[in-house]
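**Student:** Below: one structure in structure tokens.
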Amino acid sequence: MPFHRRAGKIPSLLAFRFTPSVPGCQVSPDGAVIEVRNVFKVFVARGDRGGRRAFLALHDVNLLIEPGRFVSFVGPSGCGKSTLLNMVAGLVRPTEGVLRYKGAPIRGVNTDVGYITQDDNLLPWRTLRENVEVALEFRGLPANRRREQAAKYIAMVGLSGFEHHYPHELSGGMRKRTALVRTLIYEPDVILMDEPFGPLDAQTRVILQDELLKLWYGTGKTILFVTHDLVEAIALSDQVVLFSRAPGTIKHIYQVPLPRPRDVFHIHAHPSFAEFYDRLWRDLKEEIIEADLEAT
Ligand code: ADP
Ligand code: MG
């Protein structure tokens, strides 16, 4: 396979003194809830004239994620961000290397994590409340407990009164809130979000960013969040992981220099914002330009 293997250094999110913030959350000896070590991913696609073509999507990715952190992934399109989330969810296996969740290698689907993608995947034949209750049904919770829990979570995102609406009767923002609480209700310690607010208009996006931060802050949940929007990454995250152009590897991990709780509506006004944004954009732009040059 045409890739060069080199010993991977773990870019350390753990350089900072750390106390597990999820009570009882198991971690690896490094104190990580998610460990990615020397991960390579080769996809084999159908090439010209029926042949097969190997494509290196991820190249020696190393990452440790501490529990309770909000971590964003940014990088040029096609650099393997979604592939890495899929690996954490156990939907895709690495070609080489290992991923561990709470210290144990990920084998098969990782049902312990919640996953929210760009599409909300609501079941169209179910009402909002029935969609929110799905995971609790799988857990075998009795109907009255399900109803009680669903009502609590629906109220958290301001959707009380819409319980009996079907997805097609809801706005984009309401559908996204429903998808969010449908995942939060089963209380996963780790939530994967792949460009979740991508399809929304700019104003709804910021409102949902604010709601997400309020729902998350203080819970100790770990969030891995993929976005193309650097302002969104800065506003939400503790750390931003910058991927190189394909084949993707981690170019840099930044600590976001903004205190919490954050005001996403006025994030630009923070004195550290402009300098941090410029640095992030400069480093990302370099990768995008190189990727474009390589494609031409
Ligand atoms: P990103 O989310 O950063 O845009 P992806 O992880 O979706 O990137 O994809 C990384 C690369 O791997 C892309 O070139 C994509 O076309 C390729 N890829 C992803 N999934 C598959 C697959 N199942 N089969 C073949 N190639 C794939
Ligand atoms: Mg993607």
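The values are calculated or read from the model by the stated rules, or taken from the named source; none is laboratory data. All of these numbers come straight from a predicted model, not from anything done at the bench. Note: ideal-geometry Cβ built from the backbone for every residue, glycine included; neighbour counts use all protein chains shown.
**Student:** Identify, by number, the condition in (1) under 23 Å from PRO196 (Cβ atoms); (2) acidic (Asp, Glu); (3) surrounded by 14 or more Cβ atoms within 10 Å (Cβ to Cβ) that ASP119 doesn't meet.
**Tutor:** In the conditions (1) under 23 Å from PRO196 (Cβ atoms); (2) acidic (Asp, Glu); (3) surrounded by 14 or more Cβ atoms within 10 Å (Cβ to Cβ), ASP119 misses (3) alone.
**Student:** Working carefully through the options ASP60, ASP30, ASP48, find the one that is at pLDDT 80 or above, more than 16 Å from ligand 2 (Cβ to nearest atom) and acidic (Asp, Glu). Don't jump to the end; show me each part of the working.
**Tutor:** On the way: ASP30 fails: at pLDDT 80 or above; ASP48 fails: at pLDDT 80 or above.
After applying the criteria, what remains is ASP60.
**Student:** Testing PHE265 on (1) farther than 25 Å from MET156 by Cα; (2) in contact with an Asp or Glu (Cβ under 9 Å, 6 or more places away or on another chain); (3) outside any strand (DSSP E or B); (4) not charged (D, E, K, R), one condition comes back false. Which one is that?
**Tutor:** For PHE265, the failing item is (1).
**Student:** Within segment 95-133, count every residue that is without any contact (Cβ under 8 Å) to a residue 24 or more places away in the chain, small (Gly, Ala, Ser) and either touching a strand residue (DSSP E or B) at 6+ places or on another chain (Cβ under 6 Å) or in a strand (DSSP E or B) (or both).
**Tutor:** Here the count works out to 1.
**Student:** Another question, if that's okay. Only one of these conditions is not met by VAL92: (1) part of a strand (DSSP E or B); (2) within 16 Å of ligand 2 (Cβ to nearest atom); (3) over 15 Å from the mean Cα position of the chain (by Cα). Which number is it?
**Tutor:** Going through the list (1) part of a strand (DSSP E or B); (2) within 16 Å of ligand 2 (Cβ to nearest atom); (3) over 15 Å from the mean Cα position of the chain (by Cα), VAL92 breaks only (1).
**Student:** Name the single residue that is surrounded by the fewest Cβ atoms within 10 Å (Cβ to Cβ) among those in segment 167-208 being within 21 Å of ASP238 (Cα to Cα) and in contact with a Phe, Trp or Tyr (Cβ under 7 Å, 6 or more places away or on another chain).
**Tutor:** Among them, the one singled out is VAL206.
Residue-by-condition table, conditions (1) touching a residue at least 40 places away in the same chain (Cβ under 8 Å); (2) within 19 Å of ASP194 (Cβ to Cβ); (3) more than 16 Å from the chain's Cα centre (by Cα); (4) not in a helix (DSSP H, G or I):
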position	(1), (2), (3), (4)
VAL240	yes, yes, no, yes
ALA246	yes, yes, yes, yes
HIS252	yes, no, yes, yes
PRO261	yes, no, yes, yes
PRO271	no, no, yes, yes
ASP278	no, no, yes, no
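**Student:** Would you check which residues across segment 212-238 are of a type outside the set (Asp, Glu), within 16 Å of ligand 1 (Cβ to nearest atom) and part of a helix (DSSP H, G or I) and list them? Steps first, answer last, please.
**Tutor:** At the first step, the residues of segment 212-238 found to be of a type outside the set (Asp, Glu) are 212-228, 230-231, 233-237.
Subset that is within 16 Å of ligand 1 (Cβ to nearest atom): 224-228, 230, 233.
Result: LEU230, ALA233.
**Student:** Further question on the same structure: Yes or no: VAL22 modelled with pLDDT of 95 or more, of a type in the set (Val, Ile, Thr) and either in contact with a Leu (Cβ under 8 Å, 6 or more places away or on another chain) or in a loop (DSSP other than H, G, I, E, B) (or both)?
**Tutor:** On the way: modelled with pLDDT of 95 or more: no; of a type in the set (Val, Ile, Thr): yes; either in contact with a Leu (Cβ under 8 Å, 6 or more places away or on another chain) or in a loop (DSSP other than H, G, I, E, B) (or both): yes.
Here the answer is no, as VAL22 does not meet what is asked.
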